[in-house]
Structure formats: C-alpha cells, structure tokens
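The values are calculated or read from the model by the stated rules, or taken from the named source; none is laboratory data. These numbers were taken from a predicted model, which means no experiment stands behind them. With ideal geometry, Cβ positions are generated from the backbone for all residues, glycine too; neighbour counts draw on all protein chains shown. The protein model used for the area step is the full one, side chains on, heavy atoms only, and it has no ligands, DNA or RNA in it. Shrake-Rupley method; radii C 1.70, N 1.55, O 1.52, S 1.80 Å.
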Amino acid sequence: ADKDAKDISIGVSFGQNVHPFFVAMQKGIEKACADLGVENCNILAADSSLETQVSQIENLVTKGSDVLLLNPYDSDGVVNAVKAATEKGVGVFTMDVDCEGSTSFVASDNKKVGEMLADAVIEQLEGKGKIAIIDGITVTSLKDRTDGFMDKIKDTDIEVVAEQQTAHARDTALASAENILQAHPDIDAFVGVNENSGMAILSAATSAGLSNLYITTVDATAENMSAIRDGKVAIGVSQDPYKMGYTAVEQAIKWYQGEEPEEFIEVPVEYMDKENIQEFIDREKGYGVEVE
Amino acid sequence: MTSQTIVKMEGISKAFAGIKALDNVQIDLRKGEIHALMGENGAGKSTLMKIMTGVYTRDSGKMYLQNQSLNQLEEVEIKSPLVGQKLGLSMVFQEFNLLENMNIAENIFIGREPLGVGQTVDKKQLLQNAVEELKKVNLDIDPNTEVSKLSCGQKQCVEIAKALSFNARVVVFDEPTASLSEKESQTLFKLIKELKAKGVCIVYISHRMEEVFELSDRITVFRNGKYIDTVSTKDVQEKDIISMMIGHELNIEKKSGSEFVNKDKVVLEVKNVEVFPGAKSVNFKLYEKEILGFFGLVGAGRTELARVIFGVDSIGSGEIYVEGGKVKISSPKDAIQAGIGLVPEDRKGLGLILGMSIKDNMLISKIGQFKSSLLNKKALKNITGTFISDLGISLRNEEQEVKELSGGNQQKVVIAKWLAMKPNILIMDEPTRGIDIGAKSEIYALMRKMTEQGMSIIMISSEMSEVMQVSDRILVMHEGSISGELTAEEVTRNNIMQAAFGGVNE
Amino acid sequence: MKEKKININGLRELLLVGVVLLLCVVWTVMNPQFLSVNNITNILRQASYTAIAAVGMTMIIIIGEIDLSAGSLVCAAGLVGAVVCKNTNNVLLSILAAVLVGALVGLCNGVLCAVGCLPGFIATLASMTILRGLAYIITGGNSIVWSNDNFTKIGTGYMGPVPIPVIIMIVAIIFGVMLTTKFRFGRYIYAVGGNMETSRWSGIPVVKVKILVYVIMGVLTSIAGLIVTTRLGSGQPSAGLNFEMDCITASVVGGTSMSGGRGKVMGTIVGVLLLTVLTNGMTLVGMNTYWQQVLKGVIIVVSVLADTRGKAK
Amino acid sequence: MKEKKININGLRELLLVGVVLLLCVVWTVMNPQFLSVNNITNILRQASYTAIAAVGMTMIIIIGEIDLSAGSLVCAAGLVGAVVCKNTNNVLLSILAAVLVGALVGLCNGVLCAVGCLPGFIATLASMTILRGLAYIITGGNSIVWSNDNFTKIGTGYMGPVPIPVIIMIVAIIFGVMLTTKFRFGRYIYAVGGNMETSRWSGIPVVKVKILVYVIMGVLTSIAGLIVTTRLGSGQPSAGLNFEMDCITASVVGGTSMSGGRGKVMGTIVGVLLLTVLTNGMTLVGMNTYWQQVLKGVIIVVSVLADTRGKAK
Ligand SMILES: Nc1ncnc2c1ncn2[C@@H]1O[C@H](COP(=O)(O)OP(=O)(O)OP(=O)(O)O)[C@@H](O)[C@H]1O
Ligand SMILES: Nc1ncnc2c1ncn2[C@@H]1O[C@H](COP(=O)(O)OP(=O)(O)OP(=O)(O)O)[C@@H](O)[C@H]1O
Ligand SMILES: O[C@@H]1[C@@H](O)[C@@H](O)CO[C@H]1O
Ligand SMILES: [Mg+2]
Ligand SMILES: [Mg+2]
C-alpha cells in the first residue's frame, strides 16, 4: 500500500547562517510541501556549527522524521550522523553539498561554478593579466568553487596577485576587498565566489572609485541581480536553490512511497550577465524574490 | 631565661617605585620576648615584617635565623611566605588577609588541611581542628561560616587564630587590637603572655601606648623608614618613645569641648530602632556641635545601628528625625542628602576603592554635591591639598593608588573623604583604627574644629581612652540596645565597663 | 541586597534542577518521544563533550580566569588525533597525541597567564586565533579522514547501553567534583580565585595552581575534541566554533561567578543539561531554529533571574 | 610583583603607540602604498565602527561588566535603520529609529544587570541570542535594501576629504574621553567598577550609573550598526557576527582590566588602531588569511606581554 505524502515527516537542517540562497531553498521546500500535501516539515539551521548540525540530525531522527533534507556544512563532517540516520531507516537527501552515504543528492556542481568564473575571467582578460580574489575554505561549497577556479586559472598567464579567504562573512570580506584595492588598484578583475564576496568587492570598488572593474559574483540573489542589471557587476553564476529544495522534497516523497529515487540530480548552473539577467529576475520573481 | 637571638636582620632596605620605605634598618628578636615595633604611620613597620615573613623581597640587607639544632644564627633567604611559615615565622596582617569566599576553617588551615583516606581533605577533622583554634581566641562561632559574613572584630580573631595555629617560633601581630574591643584585647594579651612563656618571640606593632607598655619587653622605634633605636621598656617612658617616633615632643592637647555643645538644638533623633531582632529598641538624641561617643564590646550592635541610620540596612518600624523633621532614609545616598556622613569601620571593603588614586578616593563623595557635573581640576586639587596637609597624610603624590599607602594613611584618606563633604552629622565608626599617636591627636583636634564650625559627630570606638578623651557624652551599647549614658564628667573606666557588660548604670 | 553574590550552598543547583525537570515535563507532554530511552541517550551524548570541557572551564573561572581557546583546541586536538590515526592506525597513540597537544596548549596558556602576567582573556584569545589559523593552514581547509573504526568509537560507540562519550563524561565529572571538593588542590583553586594576593601570602603556590588548572582544562578539552571529531567522522578545521561560549555559559548559568572564587562543578553540569535539554526539546516539538534562539535567551534570563531574585532577601 | 596590574598612567598607551608605529614602518617598507593618503583613510574608516562601539565597551568593562550583545545589536540596529529608510525614505527618522533601538536594548541590558542583579555576561548573552534570532525571523533571512543615497552616505560618504564614519568616530572618542576624565559621571564609573559596595556607601547612585553606561553602549553600538549596514549596502541578518569580541579585545589590549575599575578610552582607541593596522598591512603585503590570524595572535601576546613585563619591577 502506498504511503500518503501527508503522513511523511520531513526534517531539514541547513549548515550555514541564513542567507538568501538558503531562503530560496527553504521556499522551494515549503512550496513543494504545500503542493504535495506534506504537513509535517521541521526546518532548522545550524549557524555554521558542525556539532550543532550533527545534534540536529540526531534530534530530528529521534523526533521521528522519515526523511532528512540536509545541507551539510561540510561533506565529511556529517558522515557518522548520516550513517546513523540511514541505519535507522531514515532517508537522507543532501542539497547543494553532498556527503557520503546519502540516499540522494540534489546539487549544483560547485567545482563547476568555480571553473565557470575562471572561464569568464580568462575570456575577459584574454588569458593574461592581474586579478584578485576573495574566496573561502570554511565550507565545502566555497572550497569547491575556490578549487575549481584555481585549477582553471593556473594554466593561464593570469596572475592572482591577491587572495583572501574571507568570503564567509560580508563585513570581513569588505575589509579584505578594501585593503586589496589599496595594494593593487591596477588589477584587471576582482573575483568574488559568492554573494558576500561579490557584493563586498562591489562596495569596495565603488568607494575606491573603480567603476569599471570587472567583478564576478555567484547566486541569483536580489542584490546580485540588480547589480548585474545595473552593470556594476560584470558577471555572475547562478544556481537554482529554489529548485533544489523543491526537487529534494519530490525525491523524498518518492522514496517514502517506496520508489527508488534518483541518486544524483544536477540542478544546472548558468551565467548571468547584463543581457540575460531579466530571465533570472523573472525566474526569481516567480519564487517570490523582488528586485528593486 | 637567657636572651637568645632567634632572628637578626641587618642593613635592610626596600623601595617602592624608587621611594625608600626602609633605609638600612636592623632588628634583632629574642626567644621569649615581646618586642614592640613603633613608629608613625608609614614608618615602615609593616614592610619590615612582611620582608621577614617572605611576603616582600628586600632590596638589600641580610637576615639570619637561629638554627635550632646547632643553636646558632644562620643566614637565610625567605623567598616566599611558604618558606617563612616552614621556618616558623608567622604573621597577623594589619590588613585582613582572609579569603572572603571561604569558610573560617578553610581559611585557618589553607594548605595545611588534615588529610584522610586517599589524600583527601578530612573535613570533619578540619572543622574540629578549627573549633580548637577558635577556642584559643575565645571566638564562639561555627567554623563553617563564610568569612565574608563576619564582622571586623570576628575577622581579626580568625586572623589571630590562623597565625597561632602554625605553632611558630616568631609571631608578628600587626595592629591586632585596632578592630578589637577591650574584652577581646584582654583575651589576646593573655594569649600573648602564654606564648611568651612558651619561649615564642612576639613582635607587637601598635599605636596604643598603654598596650605597648603593658606587654612589651623591648621597643624598637622607626622613623621615616630609618632605624632609630631599640630600648628596654622598663627603662623608658611614653614621652621618650613619642619623641623618638616623631623627632620632637608632642603636646597632647587637653580635651576641651562640652561648652560648645548646643543642647537646645537636636540635630538627629533616632527613635525605636531595633538593631537586632528582638533586642530592646534604641532611642537617642544628638545635639548640635556635640561629639557623642558610642562604646561597647564587639557585637554590641554599634555598627549595625550606624548602618541603619545610614540607610544601608532597613530601619523597620524605627524613625529618624534630622533637625526636627522626620526623614526617610533607604540608601546611603538619602542619608548623604539628609546631611549624614559615615566613616565605616571596614576601610578596605567599604571605605576605599583600593585601585583608585588617593585624590579620587577623597573626592568620590564630595563631587556628588557639585552643581556642575563637569569637574574643575584646580578646585579639586585645592580640596585634596588641604586635607593632605591637615591630616598629615604621607604619600608620594596624590595620583598614587590608595592601596600603596600604609594602613594608617589609608584610614586618614577615608576620614578626609567624609570631612570634605562637610556633613551636618558625621558618624565615625572606629575612626582612628591604625592611626599613630601624633596623627590621632591631630584628628581629635580636627573633629573638635569641625564641631566648632557646626558639625555634630557620633564616634563609635572600642578604645576606651579615646571615647573618654574625645566625647562630650557617651552612650554604651550592649546586645543591641543602649545600656548606659554617661556625661564627660561622670565617666570612669569602671562605670563604662559595667554598662558595656549590660549592667545598669546607677 | 544589591549584591551579585551567587549562592554556593546548593540552592541554585536545586533551582536549576527544578527548571530542567519542568522543561522535561513540558517536552514530554508535547512529544512523548522525549522520554524515550533513545532520546535520553541522545541528550546525554550531546551534553557529553560540552560537559567534559565545562568541568575544566568551571575551574578556570573559579580561579578568576577564562579560556577562549577551548573551541579552537577542540578542533586542533581532534585534527591531531585524526592525523595520527590516519597515519599510524594506532588508536592509543592518536589519543595520546591529542591529549598531549591539549596539555601543551594548556601549559602555554597557563604560563602566559601565571608567569607572563597576561590577562587570561588575552592569552587565550591569542591561542584561539593562532590555533584556528594553524588548523586551516595545515589542512588547507580539507577534512582529515581515518579508517580505524575503533577510533571512531570514541564518539559513537557504546559500552553496553551507554554511549562511550557519556562514560567519559561521568569520569570527568567525578574527577572534577572530587578535585574541587575533596582535595587540597580544590581549596587552592577557590583561594586563588577568591584573592590572589592573600593566597600568595598564605603560602599557596599560586603560579603552579594556575598553570595546572590550565593544563587540566587543556587535557579535558582535547578529550572533548576527540569525541567531537570522531562523532563528526572526520577532522574538521571548522569544528568547535564558539564551543568555549557554550562552556562558559553553562558554568555561569550553573552558578559560577565570573569574578572568581565561587562555583561548583555540579552546578555547571546542571547548566549543560539545561541547555541541551532545551535545544533537544525545542527541536522535538518542531520549533523553528530562530524562535529556539529567542526562547533560549529568555529561559536563560528567567532561570538565573529567579535564582538571584529568590535570594535577594 | 606577580600582580596583573595594568598601568594607568599612559605608559601602556605609549608602548602600544610604539607597537603601532613600528608596524607602520614595517608595512611601509614592505609596501609603500601603505602610507598613501588613500590607505590611511581606508584604515581609519575600517577602524571607525569598532572604535565607536569600543568606546562604550570600555566603559562597560570599567564598571566591571561585559556586553556580548554588541554584535547582534549592530545587526539589529542596522536592520531597523534599513527597514525604516526603505519604507519612509527619511534618513533622520531611520537614524533615530536605529538609535532608539540601541538605547532600548541598552536599557534592558542595564536593568537586568543593575536591578535584576544578573551578571552582565548572562544578561547580554541572552540579548545577543534573542536579537540575532529576531533578526532572522523578521527578515526571513533576506537582506534589506533601500534606495536613499543619503542614508548610504553614513557609511560611505565624505565630508571634505574625511570619511563621515571617521568624523563620527572622532566625536565618539571625544565624548568618551571627556565623559570618563572630565565629568563626575566618569569618576562614578571607575568607582563602581573598583568597588561597588564602597561606591554605594559613598552615595553614588550605582544602579543608575550601571544602567546609563549600558544605554550609552547601546546608543554607540547602534551608531556603529548604521555605519556597518550602510557600508555593506544592505541590512544583513548576519552582520556583526563576533563584533563584540573585536571591541572587547581592543579594550583589553588597550589596557582595560576585565576585573573592572581600570581602563582608558584612549588606550582602547590605540588598541583598535593596532588591530586595524595589523590586518590592513598584512593584507597589503599579501599575507594568507590564516597566517594573518596566527600573526595577529602572536602580536597581541607580544604587545601586551612587553607592557606587563616592562612594569614588573
Ligand atoms: N605595595 C606598596 N607599594 C608602594 N608603596 C608602599 C607599598 N607598601 C608600603 N608602601 C610605602 O612604604 C612606606 C611604609 O609603609 P608601611 O606599611 O610599612 O608603614 P607602617 O609603618 O606599617 O605604617 P602604619 O602604621 O600606617 O601601618 C609607606 O610610605 C607606604 O606608602
Ligand atoms: N544578637 C545578635 N543578633 C544577630 N547578629 C548579631 C548579634 N550580635 C552580634 N551580631 C553580629 O555581630 C556583628 C557585629 O556587630 P556590630 O559590628 O554591629 O557590633 P559593634 O558593636 O560595632 O562591634 P565591633 O564594631 O566592635 O565589631 C553584627 O554584624 C552581627 O551580624
Ligand atoms: O555563498 C554561498 C552560496 O552561494 C551557496 O552556494 C551556499 O553557500 C554559501 O556560502
Ligand atoms: Mg602598617
Ligand atoms: Mg563595629
């Protein structure tokens, strides 16, 4: 007998601080729940603490969750908790960042995001020049992007003259960006690997009067999109967190009802630039995100 | 008994921040003697004793200690109080040296707790041992009591019990009677004599001449950090010692007074104040320009009464009238507004802010009276300057932290702080604790001068001679109520003591 | 009256135990699952590593100091354990190495503080920053995995029905309670925190006591670090963020005074339980994370307020 | 001797100023860009918001308390400013609203602490958690953007060649220095922190003083929050994380004693400068983020150590 989606109990744990990316993902989850008749969905955030996330997983399992939708803070950091959960018969659906032992993984490929950023920069600079970057290694998504970017860029004549790994918080990223621009006002491009860094670089460049600096960012957040639309940021890579959330719930229900879920569902990543930005603005509007 | 030297110190010098506190001083202490150490406030008495017991390290000089088995002096280095204790040197500190957060028993035996099974502290034994030690000093109180709950006198007794518990060869008493009253003092003197009989050497630091002459065998005098002389007590008189201390003779002012008291004007009236639950309520009047002495034994309730008047403790059903009008005082701030000041007996805990400068301590209450909240440096300096010279406070500069002052000079700062306020009514709880004899008479004179100018003073004191010398009228308290009233004319040692023990005064 | 004195005679602990019990009742009514053996085990395991380090933190606070480096040390000790296990596959050696690092960090903190006369806040703030920086530098942000299952058991295994971290916690609590209440060293801790000068004058080896307390803290923290790491399943350069705050909070909620000289290990343990039960229960009844934070703040205030008010005459 | 006494007569500030100057020389040698007018402006602007709140934090620490809620308040006040600006487009109103929130939070902290007799650590820990939780709940995790450029100027504008935040900082410093050294209230602060009982017995309105200091802290922090937010360009529910630690660190490095009663606003300012110059210079010379952390820890220890050692006889 098929189980009813109405009876499924879903537990969600986000690894990082709340951020528009996860807000969108959460909206996707909530929308899917509403659409598919899920009544019991408990959403938690671990605020960048791995221990907290592990405890949340344990508590959600104890609470009687049938499935967990998980955005790990670190892919290796939750393996034991995930293993314990799956051993108890709980399905674990990872989003954005995968981990070993998950039932199914809905993601955009963060390594690829980094590579795409690199490609854009290489194209813009025609393979030669000086750039700076604000990236990060504290969380798997950022680390993968950083790795992807660096791998790609190292075979070119582009020199990374400054790198600060402060992308995890916007205020520290801003200070780094300002300081880097003091030392290297002559760079050809300044790479941000997420919204925090992209927007921080933009603020710093604006106050330094560098309105033509080639800046990159990641994610289709309201601030990013308006900056791209206004031509302040040259390019961004978008993910579709709303879709990730939505899809994860679909997969979870499938699994709950006895179907085999797909092991890996890639949610595509795309370039955003001044030309195509309206598409993204419209897409996000459909998710309830307003761009000023 | 032969006069064997146990401790000999020579050429000792010590400077704090470049200023010499001790300059090439010496002392020798003998077995079974009571050796008094005298000198004005800041002369260096406490400093020398702290060097001897290992609290401070000296800058130069040598110290010798008798080696008991060889029966001869040996040079020693006392690097820490622990070494001092192990070598049989113990000290009752002038400033309380107790751990407020711990109980009496733990304080007495800290680091020497009796151990039981598996090296754990044997708590039962610890308490039992503490009871023994407390018995010796006649303190009947549960050794489980946290020290922060004790009164000054009780703390002093615990300090003494602690120092004695070492069974030391040399015991230093640094102003032990400053917060004791007659009865406790007598117990202490008996104890000291017993120690002496056992061959212990006692160093006795006090500003009270009677005590020194009653107890000591020899007296060493310091002045300004320098050694003056050591004399046999029986060979000298008070005035000799005083002139050794201050370098000239002192004219102890004969008490004047009474005639100024304005009996027509009651400045303070206290009605129906219950000091201890169940005790008979306290009623009294204070006249304008009067110095009203309060005498009593430790625990008689004088401090409690002062706390109630000053708004620290709740007054219950009692009433207070200032200049005829009823006032409601529920905090020190109210009291100050009503024109009442209080020099508390616990100068370290309630009178001073040890880490603040001398200047700021003196002014901290005064500035509350200013209309302008912007402070005028020059005006402030004038105020402090006056009191520093009036009270003869010996200091390096007024920005110095008050905790660097000698005990007596700290006390003077507290007095200055309250005199600066010019309250109409000043309550002084043990105001001359630790103050040297010369400065004392200056303070008495100052008190008199203040009353002449219109101030009225309540002076709580456990020093009978002080009460008798200074007061215009004396109230004696016993177990929380007033057990006698004596005018300056009718007071004698006998009837004051009788009242203190609760006897009705005929 | 207006004193911030915190009662030491067990009143506070009783009151806190009351709050914890009340919470338990509320949670059970809202979700009977709360009282299941599973969940109790769960709560205890979650409390374990904080409790272990908090035992040390309590002593640190009693001597009037603070240790901000605990979170970074949880991370560093865990990493060291993971690296050694990865390379030698020897569990005992891994544990020893981690504990050694803990002791060393504690020693540094203690020496800076007791001999160098640095405020503990500064000394441990520096170690915190340095250790965290080193963790990222050495790992390059990568996690360290090992393959020895026995090592993993430290954080995840059971002894009979009892999780191993819980057993370690119990040992740590007994150690802490005994040390602070039964031994001379315990008296020294309270004395040093009560008044350092007086302690010195009383012949207490103040410097040694301080250093030793920091070393104990380091060792306990490194054990907590081993549990955290093996629970996570890998050595993580980001582990233990803000961990020290949890320990300090538990101690203070449990009645330890930040100005030193007062506090009890058992109070701290009740504090840890309060915080863990709170979080666990709120999740079990399905509360949103950020409302959880709000409620947590309110409950901390109320439970400490009730206590201080109760005592203010 | 073994005292943790921190000199109050300016020696420490001089020494710290020395360290800062030394750093400046080193950075200039390594990258002449360091001394450019541009970069100096940059450094001052980066120092501004921490400095403003640290002025308040110094007073808080002087009275023997602590404020852990500063980071959350930076966030909350900034959000309130952003929301009001977004909806009314009125800059003055936005500023007033933010400052009012700051004053209110300060008032709550102060009342809990002075009247409720809660340790400041607990009271402000609770506000920290509650405010942060509310920030997420109210914004739903989204950032808040406004369109009034004048509002943005608070953090990014200039008055002549001087950035507006720097001007605000200078005003805050003058306020702090005057208040602590020239006014009665300043004496009261030191007294309350030095010995609360003596202060009460001296007629000082201890409760009022404490509350007022917390309110001042709240107001200064909310101003810092406005600067941070307008600098970032949007109200962020995660802004100001760990901001309080920066303020506390600057105060302690600048000579304020965590046990109360001692400290100087100017010392704190030098502390802020030290930390800012350090980070700025390290980035300018291209040092890796995590090596920066390590070096920062080392320099903090060394500069405070040099000072305490210099004085220990
Ligand atoms: N820790 C210290 N720092 C600086 N100066 C000190 C310190 N201790 C004592 N002094 C100074 O040394 C001198 C001698 O002080 P000491 O306490 O020995 O005097 P004393 O003779 O015991 O006086 P009293 O009768 O008032 O107790 C004083 O001038 C005092 O200010
Ligand atoms: N009958 C009593 N009831 C309760 N407490 C008492 C009683 N007798 C003494 N005490 C305690 O003893 C302490 C000493 O009292 P208080 O200080 O008022 O006495 P005193 O006359 O000023 O003596 P001194 O100042 O010489 O110690 C009080 O704080 C009080 O706690
Ligand atoms: O900023 C990134 C987002 O882009 C998302 O990928 C999740 O991780 C965050 O750190
Ligand atoms: Mg003395
Ligand atoms: Mg008294």
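For chain B, give the share of DSSP beta bridges that are antiparallel, in percent and rounded to the nearest 5; count only bridges with both residues there.
Values: 45 of 80 bridges.
So the antiparallel bridges in chain B amount to around 55 percent.
Based on the Cα gyration tensor of the stretch B:95-166, what are the three equivalent ellipsoid semi-axes, each the root of five times an eigenvalue, rounded to whole Å and given largest first?
20, 12, 11
Pick from C:Gly233, C:Gly56, C:Gly140: which residue has the top mean-square fluctuation in a GNM of chain C where Cα pairs under 10 Å get a spring?
Looking only at C:Gly233, C:Gly56, C:Gly140, the largest GNM fluctuation is found for C:Gly140.
If packing is taken as the mean number of other Cβ atoms within 10 Å per residue, what is the order of C:217-228, B:312-323, highest first?
C:217-228, B:312-323
Based on DSSP, what percent of beta bridges with both residues in the protein assembly as shown are antiparallel, to the nearest 5?
Of all bridge pairs located within the protein assembly as shown, approximately 45 percent are antiparallel.
Taking a threshold of 29 Å on the Cα-Cα distance, which of the pairs B:Lys190/C:Lys210; B:Lys366/B:Lys449; B:Lys149/D:Lys182; B:Lys265/B:Lys449; B:Lys86/C:Lys210; B:Lys20/B:Lys162 fall above it?
Where the Cα-Cα span goes over 29 Å, the pairs concerned are B:Lys190/C:Lys210; B:Lys149/D:Lys182; B:Lys20/B:Lys162.
Spelling out what I want: for every residue of the stretch A:40-47, take phi, set θ = phi - 60°, compute 6.51 cos²θ - 1.76 cosθ + 1.60 (Karplus), and round to whole Hz; glycine and proline get x.
10, 9, 10, 10, 10, 10, 9, 6
Just report the Cα centroid separation between the stretch A:67-94 and the stretch D:51-105, whole Å.
Spelled out, the Cα-based centre of one part sits 40 Å from the other.
Check each of the trypsin sites (Lys or Arg not before Pro) in the stretch B:133-211 and keep only those in coil by DSSP with at most 13 other C-beta atoms within 10 angstrom; list them in order.
B:Lys198
Would you mind listing how long the protein assembly as shown runs along its three principal axes, going by Cα atoms, in whole Å with the largest first?
Projected onto the principal axes, the Cα atoms of the protein assembly as shown cover 108, 72, 63 Å.
Quick check for me: using +1 on Lys/Arg Cβ and -1 on Asp/Glu Cβ, what's the dipole size of chain B about its Cα centre, in debye to the nearest 20?
980 debye
For the stretch D:12-23, what does the Karplus curve 6.51 cos²θ - 1.76 cosθ + 1.60, with θ = phi - 60°, yield as ³J(HN,Hα) per residue in whole Hz, taken in order and with x for Gly and Pro?
In residue order, the calculated couplings are 4, 4, 4, 4, 5, 4, x, 4, 4, 4, 4, 4 Hz.
Shape call for chain B from the C-alpha gyration tensor, a ≥ b ≥ c root eigenvalues: rounded (a/c under 1.5), prolate (a/b greater than b/c) or oblate?
Details: a/c = 1.69, a/b = 1.43, b/c = 1.18.
Prolate.
Would you mind pulling out the separation of the Cα centroids of the stretch B:456-476 and the stretch B:98-156, in Å?
First find each Cα centre; the distance between them is then 34 Å.
Of all beta bridges DSSP finds with both residues in the stretch B:319-473, what is the antiparallel percent, to the nearest 5?
Values: 4 of 13 bridges.
Restricted to the stretch B:319-473, the bridges split so that about 30 percent are antiparallel.
What accessible area per residue comes out for the protein assembly as shown, rounded to a whole number of Å², with a 1.4 Å probe?
36 Å²
Please compute the modelled spin-label separation between D:Ile167 and D:Leu107, points set 7 Å along Cα→Cβ, answer in nm with one decimal.
Here the modelled spin labels are 3.0 nm apart.
Have a look at A:Ser203, A:Ser48, A:Ser13 and tell me which one the Gaussian network model of chain A (Cα, springs below 10 Å) gives the largest fluctuation.
The residue that fluctuates most here is A:Ser203.
Buried accessible area for the B:D pair, summed, 1.4 Å probe, in Å² rounded to 100? Numbers along the way, then the final one.
Working: alone 22240 and 14810 Å², together 34700 Å².
The summed interface area works out to 2400 Å².
Let me make sure I get this right: for the stretch A:24-74, a, b and c are the square roots of the gyration tensor eigenvalues over alpha carbons, sorted descending. Under 1.5 in a/c it's rounded, otherwise prolate if a/b > b/c, else oblate. Which is it?
The shape class here is oblate.
Assume the label is 7 Å from Cα along Cα to beta carbon: what separations in nm does D:Asn242 have to the matching positions in the other copies?
Ordered by distance, the counterparts are at 1.2 nm.
If you roll a 1.4 Å probe over chain C with all protein chains in place, what percent of the accessible area is carbon or sulfur?
Working: 7330 of 10320 Å².
Heavy-atom surface of chain C belonging to carbon and sulfur, 1.4 Å probe: 71 percent.
Quick check: at a probe of 1.4 Å, how many percent of the accessible area of chain B sits on carbon and sulfur atoms?
The C+S portion of the solvent-accessible surface of chain B is 47 percent.
Please list the radius of gyration and Dmax for the stretch A:1-145, considering alpha-carbon atoms only, with Å as the unit.
When restricted to Cα atoms, the stretch A:1-145 yields Rg and Dmax of 17.6, 64 Å.
Note the buried accessible area between D and C here, summed over both chains, with a 1.4 Å probe, in Å² to the nearest 100. Walk me through the numbers before you get to the answer.
Numbers: alone 14810 and 14760 Å², together 25160 Å².
Protein heavy atoms only, the D-C interface buries about 4400 Å².
Just to confirm my numbers, what's the Cα centroid distance between the stretch C:113-175 and the stretch A:220-240 in Å?
Their Cα centres are 41 Å away from one another.
For a quick check, take a GNM of chain D with Cα springs below 10 Å and name the residue from D:Val101, D:Val26, D:Val270 with the largest mean-square fluctuation.
In the Gaussian network model the winner is D:Val26.
Note down the nm distance, to one decimal, between modelled labels 7 Å out along Cα→Cβ at B:Ala197 and at B:Ser389.
It is 5.4 nm.
Just to be sure I understand: if you take the accessible area of chain C alone plus chain A alone and subtract the pair, with a 1.4 Å probe, what total do you get in Å², rounded to 100?
2500 Å²
How many nanometers, to one decimal and shortest first, lie between the label point of D:Lys153 and those of its other copies, if labels sit 7 Å from Cα toward Cβ?
7.0
Taking square-rooted eigenvalues a ≥ b ≥ c of the alpha carbon gyration tensor, is chain C rounded, prolate or oblate, where a/c under 1.5 means rounded and, failing that, a/b exceeding b/c means prolate?
Judged from the Cα gyration tensor, chain C comes out oblate (a/c at least 1.5, b/c at or above a/b).
Spin-label point model (7 Å from Cα, Cβ direction): what's the B:Lys285 to B:Phe260 distance in nm?
2.1 nm
In sequence order, what are the phi-derived ³J(HN,Hα) couplings for the stretch B:464-475 according to the Karplus relation 6.51 cos²θ - 1.76 cosθ + 1.60 with θ = phi - 60°, rounded to whole Hz, with x for glycine and proline?
4, 5, 5, 4, 5, 6, 9, 6, 7, 8, 10, 10
Calculate, for A:Thr86 and A:Thr206, the FRET efficiency according to 1/(1 + (r/R0)^6) with r their C-beta to C-beta distance and R0 35 Å; round to the nearest 0.05.
Details: r = 48 Å, r/R0 = 1.38.
According to the calculation, E is roughly 0.15.
Please work out the FRET efficiency for the pair A:Asn276 and B:Lys124, using the Cβ-Cβ distance as r and a Förster radius of 56 Å; give the result to the nearest 0.05.
0.10
List, shortest first and in nm to one decimal, how far the label point of C:Leu96 (7 Å from Cα along Cα→Cβ) is from its counterparts in the other copies.
Here C:Leu96 shows inter-copy label distances of 7.1 nm.
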